[in-house]
Amino acid sequence: MGLPQFARATPLHNVILTREEFKTDKSRKDFVNVSEINETFCRQVLAKPGGERFRACFQCGTCTASCPVRAVEARYNPRVLVKMVELGLRDRVLKSDVLWLCSLCYQCEERCPEDVRFPELMTVLRNMAVDAGYIHPSFAKLAAVVAEQGRIYEVDDFINMRRKQLGLPIVSTDREEWGKISQSLRFGK
Amino acid sequence: MSRYAFFLGCTTPVRAMNYELSTRRVASKLDIELVDLPFTCCGYPIESINRDSAMLMSMRNFALAESKGLDIVTVCSACAGALTRFSNAFQEDESSRNRVLDQLKSAGLEYKGSAKVRHFARILYEDVGVAKLRETVTKDLSGLKVLTHYGCHYVRPSDSYGEFDDPEVPHTVDDLVEVTGAESLDIPQKSVCCGAPVLSVNKAVALSMAEVKLQMAQAAKVDALVVICPFCGISYDRGQLEIEAEFQRKYGIPVLYYPQLLGLAMGLSPRDLGFMMNSVKAQGLLEKVSGVKA
């Protein structure tokens, strides 16, 4: 018989499509094409610090119900993301822009009955996405500033002048000192 | 007199100088010496890109504090969270520890693992204590109704923090507020996310997240929101102006950093506490606080 071409998965449509799109879209994006399944993805995630716990997920949805991002953005659904990782949908997960929507607030981690530690899983997935070349542009920009300055905002003369007026100490990065650390930093492969 | 290495983080010294100014003023009133060191980013924003690099960045700061024999105090909840989690990982995970130690060594640094980190609000609560803080209050702020906002990483993940406050129903900042005489309203979801971490990824989502709390504050007719994190402050203060413009709604809710509120109660002037740098003007609140000229 062989495997069917499509395997019906747990509802994925909230991640891939909005409800409205789902009703009208005929592209069957909510189905999992077995050729998409990457069999080693799951094991790779499990092997990373922070990824060890995700297979304990039993899809209760406490994370999604607790999620402040989900509360305002229907496309984002932590429960479904965990399911997608479990299904081995590597490319869909790593290329997805919703991967970068998690605010890392740890509300879901606090409430998860299975101790899945979703924010830590998120960190693992984002790191993998970066290594695969799918860094979100805003993070790429941020990394460039950090690599050079050692901080996420440049402290220019204007800022320091304002600080001086307020009686606050000057803020500056010793480039030489920072350079010794930054040469050990890696922001993607 | 207690001494701490003052970890400002990236955001506070650039975008929340009112928070920094009021913290320094309040600390000096309480005989807490804040020592400035050439710290760099805590690693939090880099964790999403490369966790190992973020951890090294974090530990560089601990090495610096340890070399001066100081523990770290930070005013940013995100910094407190990242520094605490990476410090725990350094203690618990031998392979990460060895890697970090090697990297620090090649930068001419060493770290024995002795430096601790806590949020400034936590130090006020745990070390100074509510009773002693109350003695510093010279101007009772009764009549003010405020809503507290904890900021995610002040209490979560709770296992990293040794569960010093309840992650679902936190109370420490409310207790600190009530020291001043102001009333802290008992409204659920005090530790909801302000949306700031999503701001650069999807602004509409971030602003909608921030608006959730503003709606609560408006419904409760509070005089101010009280925050303890520069990201939360920016989301609700500067973000409020953007929300008002973007969504055509009016809030006008002043957003105070806790040291600004405490400072008023200690009799410090609004100018000394950086009120002129608050985006949503707190004129009404300052007039309501008797004896304080706006």
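The numbers here are math on the coordinates, done by the rules we state, and not lab data. Fair warning: this is a prediction, and the values are worked out from it, not measured in the lab. Using ideal geometry, Cβ is built from the backbone for each residue, glycine included, and neighbour counts are taken over all protein chains shown.
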Compute the convex hull volume of the Cα atoms of the range A:137-185, divide it by the residue count, and report the result per residue in Å³ as a whole number. 76 Å³
Gain upon complete extension [B:Asp127, B:Glu163; 0.36 nm per residue less C-alpha separation]: 11.3 nm
Semi-axes of the equivalent ellipsoid for the range A:37-131, please: Cα gyration tensor eigenvalues, times 5, square-rooted, ordered largest first, whole Å. 19, 15, 12
Counting C-alpha atoms alone, how compact is the range B:162-294: give Rg to one decimal and Dmax as a whole number, in angstrom. 14.8, 44
Where a ≥ b ≥ c are root eigenvalues of the Cα gyration tensor, a/c under 1.5 meaning rounded, otherwise prolate if a/b exceeds b/c and oblate otherwise, the range A:67-114 counts as oblate
List the Cys residues of chain B that have no partner Cys with a C-beta closer than 4.7 Å. B:Cys10, B:Cys41
Length gained, A:Arg55-A:Arg175, 0.36 nm per residue minus C-alpha separation, equals 38.8 nm
Sequence-distant residues sharing a close amide H with B:Thr148 (under 5 Å, placed H): B:Leu185, B:Val226
I'd like the Karplus ³J(HN,Hα) series for the range B:238-255: coefficients 6.51, -1.76, 1.60, θ = phi - 60°, whole numbers in Hz, and an x wherever there's a Gly or Pro. 5, x, 4, 5, 5, 4, 4, 6, 5, 9, 6, 10, 10, 10, x, 9, x, 10
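Add +1 for every Lys or Arg and -1 for every Asp or Glu among the other residues with Cβ under 13 Å from the Cβ of B:Cys232, and state the total. Before the final figure, lay out each step's value.
Working: positive: B:Arg15, B:Lys190, B:Lys213, B:Arg238; negative: B:Asp237.
The answer is +3.
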For the protein assembly as shown, what is the Kirkwood estimate of the hydrodynamic radius, computed as the reciprocal of the mean inverse distance between distinct Cα atoms, to one decimal in Å? 23.4 Å
Distance in Å, no decimals, from the C-alpha centre of the range B:17-81 to the one of the range A:61-119 is 29 Å
In Å, what Rg and Dmax follow from the Cα atoms of chain B? 19.0, 59
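Please give me the summed charge of the neighbours of B:Leu199: other residues whose Cβ is under 11 Å from its Cβ, Lys and Arg +1, Asp and Glu -1. Could you put the intermediate results ahead of the total?
On the way: positive: B:Lys203, B:Arg238; negative: B:Glu242.
Computed value for this residue: +1.
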What are the ³J(HN,Hα) values, in whole Hz, obtained from phi via the Karplus relation 6.51 cos²θ - 1.76 cosθ + 1.60 with θ = phi - 60°, for each residue of the range B:29-46 in sequence order, with x given for Gly and Pro? 4, 9, 6, 9, 8, 9, 9, 7, 10, x, 6, 10, 3, 5, x, 3, x, 8
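Would you mind giving the three semi-axes, in whole Å and largest first, of the ellipsoid equivalent to the range B:16-172 according to its Cα gyration tensor? The partial results should precede the final answer.
Working: eigenvalues 193, 64, 36 Å².
Each semi-axis is √(5λ); the values are 31, 18, 14 Å.
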Placing unit charges on C-beta atoms (Lys and Arg positive, Asp and Glu negative, everything else neutral), compute the dipole magnitude of the range A:37-131 about its Cα centre in debye, rounded to 20. 160 debye
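Report, as a whole number in µm² per second, the diffusion coefficient that Stokes-Einstein gives for the range B:202-248 at 10 °C and 1.306 mPa s using the Kirkwood radius over alpha carbon pairs. Write out the running numbers ahead of the final one.
Working: Rh = 10.9 Å.
The Stokes-Einstein estimate is 146 µm²/s.
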Tell me, in nm to one decimal, what length is gained between A:Ala132 and A:Thr40 on full extension, where the rule is 0.36 nm per residue of separation less the Cα-Cα distance? 31.6 nm
Output the 0 to 90 degree angle, nearest 10, between the alpha-carbon long axis of helix B:51-67 and the longest principal axis computed from the alpha carbons of chain B. 90 degrees
Inter-part distance where the range B:262-290 and the range B:142-206 are each reduced to a Cα centre, Å: 21 Å
Can you spot the lysines whose alpha carbon is less than 19 Å from B:Lys281's alpha carbon? Ignore those fewer than 8 places along the same chain. B:Lys145, B:Lys213, B:Lys221, B:Lys250, B:Lys293
Would you tally the net charge around A:Phe41, using a Cβ to Cβ cut-off of less than 10 Å, leaving A:Phe41 out, and scoring K and R as +1, D and E as -1? -1
Under the Karplus relation 6.51 cos²θ - 1.76 cosθ + 1.60, θ = phi - 60°, what is the ordered set of whole-Hz ³J(HN,Hα) values for the range B:147-159, x standing for Gly and Pro? 10, 8, 9, 7, x, 3, 7, 6, 10, 10, x, 5, 5
